[in-house]
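Structure first, then comments.
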């Protein structure tokens, strides 16, 4: 799940409109594209200070996805920093909510911009871009000295998962800038006022649900019912905790019986019980904004989400709400992975088009973004956790971001993730449909997993669908 | 004479040139291309998609979601015209004939009703879909659930309960369509000579027999036209489902329709070849329905 | 004698009418109840939307039927300015005005020739047009995108009719309105008497003149009716502009509404969504109410063929 918000937002967009049509059609325009305009005219000498040979005379065109994080961070943090080193380079800043629609024709026309924050509901398909050789190989960026310290390579300032996830067809070409950290979110104020404590075991979690329900003050649990991927996120994380990370690796690799393992069964059964007993009324029909707003109004105590939540809710959150996050509880003492295991994945994906006019400038821009200063100010401004190691250190983080950062530090190497939902959209749609049914009692846990296994097998046997491995 | 024939030919050519050219370029050629694409594995990226013959069609036979969509279209094909026509006939009859007011020309306020009933028809489907998404909210902020909950009932998951969502879609489609057919049938009724009703009334015919013996037979032609319109709407439905329902045809595929599956496969899974194959199947269903209904409705009009 | 009889009959009918008007029988009451029920069903969702458009964000998420504490007209300001509803509406008006005019012009020309001039291939062309009634547009969407893109490369006029142009969209609208327009107008032309046209031809009028000066005026009721259908259809069109117009300042209203619905999810500005919905709905209802007599008369003519 490189970026749940990306998908929930996509859902939202989809539900709103047919907007992706144009983008997708523009995507079809790719084959008709002319050969790329030559971008390597008169190379500028490279140096330790200017590792890619950025030319002062070439403008730099930047496109930011204007979504949950807005675009101010680029204008007020990243671009001034870049300018401080290259005052003569003209930066053309742009922002849109519809990346694909606006930019895919540019790729088709052979004149893409230089830096793209390819995120949000209508992000372009990375696989298709990679296949079409549109993505600049960012390996030189990894090997370049970091902005802050010539003795350290950029590679060593990044969370390793960034490189793993950003590698397409063997080439590192997508830079995830934000670490999404998933867990169960609550109001620290509400918990304090009512004497509730974040649970560490499933048993405690059930008891807490029961206590909240009995208190009559609010509903215990909800999730974005319209987007059940929010729920299968915790379900899968718990299965990985019970059975180890290979549970998710096997699912990603479409292994036989990967969905119907004992760990998955245990987790599905456990969450179905929450669905049957503790959900806020009407959950099935609410989207993420509605459920999150209900939480802000103290109508519900807990919901599964990721570290973008605090920023997403900033307009409706009461000042003393104090977001907190706790990791998925231990199911039993014999879980394969210890308490504190987290699902985390780099996201907010930046790319440098290979056929742009100024890929050198593009890479340098990314190098500037990955400086401690830029990443730290970014984390502070948009209340989130960046993929640059230690960027949040000494920063004044908001309660939610602090809580997520703490959990992330405590998790250490116990991080799990899965990628099948971006690789196999059909499987994702089936999982979304079936998870909703599991939670409302329309499917038993066994039937639920059988159904997903069947879909996974179908995809495995469909030669027209490109397969991925991890 | 020869000159006249020449003039005539020139006239025909000149008048047909623009419409036929536009139609060939913008309508016919894309459809022909789509048929070809349906036999390829095109995913929107490669310049030279591989020709795979009927492979896509073989695959779609096993596509459970698509066939679910087909059954939903079939359901709508029967229910949408049936419900809409019954309601519209009922109201147009009340408005024009059976209101107990003047025998012909309508019940008091009939003009007002006709104007109001037609309102939904002038709204764009996309607007209606967004509107009803809000109306159907599953909690106390929903227009329909708020009074239900005030009465102590459990809120209904109009769009979130797989057993209910299809009916919500049908309901919205009927809501939007009825007004148009009330006006259409009213127009038809207005063309029936007033004498016929009055004569029948003087003969002591009740409202029911008035309806079944006079209104319905004389309106039969219009009803058939309505049936064909509504049938095509039912087969083509997309925006309501895509914009209004959860997960675009959900929950759990309970509202998906053929057009949504075509769209989903093309623009979300980037399987343009496969999507075109689904489109071709949809094409044959629609054309089949059109031919069938043309056949069935080609009958003598009742002259009066 | 006959006149007296018919007078008596008419008079007695008049009396009967007056009589029946006076008593509002139980059936009439029931009828009114039924009609009022549907009126409520029709109007209330729309009024509810209007109500929500002046509510605050919190109130929208609160009880559906609560009244707003204060009227938030700024919702409209946001919908109008930030969401450009005004611009979209203007675009819609421009596109629909030109395309409906074009549709009616070429559509009636085609329909007239096909209905009144037998020639080899007539039936084939007619069927080609009419078969389009049954084509699901989704099948054609992606190839259509390329067709329009290629039209953009036509020398001279290309830049005006390619992607992201209103003229290009107008041409596509015209083409996709042909099946319906030709089908109904041919049916209509067939019902018109031939005598007048034949007489004019004998007098030496050209085919073109007969069409514009005699047949079109005679076909007026049918034309009005099909025009109304086309206005409604093209105003509501959603998929085609979405595919063909990607630049925001070119968008038509349906795209705009969808976009605001999207943005509402990001910015949590549902109140602006309701305001935008209101802005999209209200003018249509006003225009419709003002012209409802003509619109309904037009439909009447269409129904009678």
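The values are calculated or read from the model by the stated rules, or taken from the named source; none is laboratory data. Keep in mind it's a predicted model, so treat the numbers as computed, not measured. As a convention, Cβ positions derive from the backbone with ideal geometry for all residues, glycine included, and neighbour counts pool all protein chains shown.
Inside the stretch B:155-195, can you point out the residues that are at pLDDT 85 or above, surrounded by fewer than 20 Cβ atoms within 10 Å (Cβ to Cβ) and out of contact with any helix residue (DSSP H, G or I) (no Cβ under 8 Å at 6 or more places or on another chain)? Hits for the stretch B:155-195 are B:163, B:164, B:167, B:171. Selection of helices (runs of 4 or more DSSP H) fully inside the stretch C:36-116 by the criterion of at least 1 residues being within 30 Å of residue B:9 (Cα to Cα) returns C:85-116.
Within the stretch A:122-148, residues that are under 18 Å from residue A:65 (Cβ atoms) reach partners that are at pLDDT below 80 and not in a helix (DSSP H, G or I) with beta carbons closer than 6 Å, at six or more positions or on different chains, in the pairs A:122/A:98; A:128/B:45.
Among residues of the stretch C:150-170 being touching a residue at least 40 places away in the same chain (Cβ under 8 Å) and within 11 Å of chain B (Cβ to nearest Cβ), the one that is surrounded by the fewest Cβ atoms within 10 Å (Cβ to Cβ) is C:170.
Considering (1) out of contact with any strand residue (DSSP E or B) (no Cβ under 8 Å at 6 or more places or on another chain); (2) surrounded by fewer than 24 Cβ atoms within 10 Å (Cβ to Cβ); (3) within 14 Å of chain B (Cβ to nearest Cβ), say which one residue A:255 fails and leave the rest. The one condition residue A:255 does not meet is (3).
Restricting the stretch C:118-140 to residues that are within 7 Å of chain B (Cβ to nearest Cβ), closer than 22 Å to residue C:231 by Cβ and at pLDDT below 90, the residue that is surrounded by the fewest Cβ atoms within 10 Å (Cβ to Cβ) is C:133. Counting only residues that are under 16 Å from residue B:87 (Cβ atoms) and within 13 Å of chain C (Cβ to nearest Cβ), the stretch B:161-220 holds 19 of them. Contact annotation: residue pairs with Cβ atoms under 6 Å, 6 or more positions apart or on different chains, pairing a residue in the stretch B:126-148 that is at the interface with chain A (Cβ under 8 Å from one of its Cβ atoms) and closer than 12 Å to residue C:46 by Cα with a partner that is outside any loop (DSSP other than H, G, I, E, B) and modelled with pLDDT under 85, are B:130/C:261. Only one entry of C:115, C:108 meets the criterion of being buried (at least 23 other Cβ atoms within 10 Å of the Cβ), in contact (Cβ under 8 Å) with a residue 60 or more places away in the chain, within 13 Å of chain B (Cβ to nearest Cβ) and more than 30 Å from residue B:145 (Cα to Cα), and that entry is C:108. Taking the conditions (1) within 14 Å of residue A:221 (Cβ to Cβ); (2) more than 14 Å from every other protein chain (Cβ to nearest Cβ); (3) buried (at least 18 other Cβ atoms within 10 Å of the Cβ) in turn, residue A:283 satisfies each one other than (2).
Being buried (at least 24 other Cβ atoms within 10 Å of the Cβ) and within 11 Å of chain C (Cβ to nearest Cβ) holds for only one residue in B:290, B:275, and it is B:275. Select from the stretch C:245-255 the residues that are more than 7 Å from every other protein chain (Cβ to nearest Cβ) and modelled with pLDDT under 85 and write down the one among them that is surrounded by the most Cβ atoms within 10 Å (Cβ to Cβ). Across the stretch C:245-255, the extreme among qualifying residues is C:255.
Taken over the stretch B:200-256, residues that are in a loop (DSSP other than H, G, I, E, B) and within 30 Å of residue C:139 (Cα to Cα) amount to 14. Scanning the stretch C:141-161 for residues that are at pLDDT below 85 and closer than 20 Å to residue B:264 by Cβ yields C:141, C:142, C:143, C:145.
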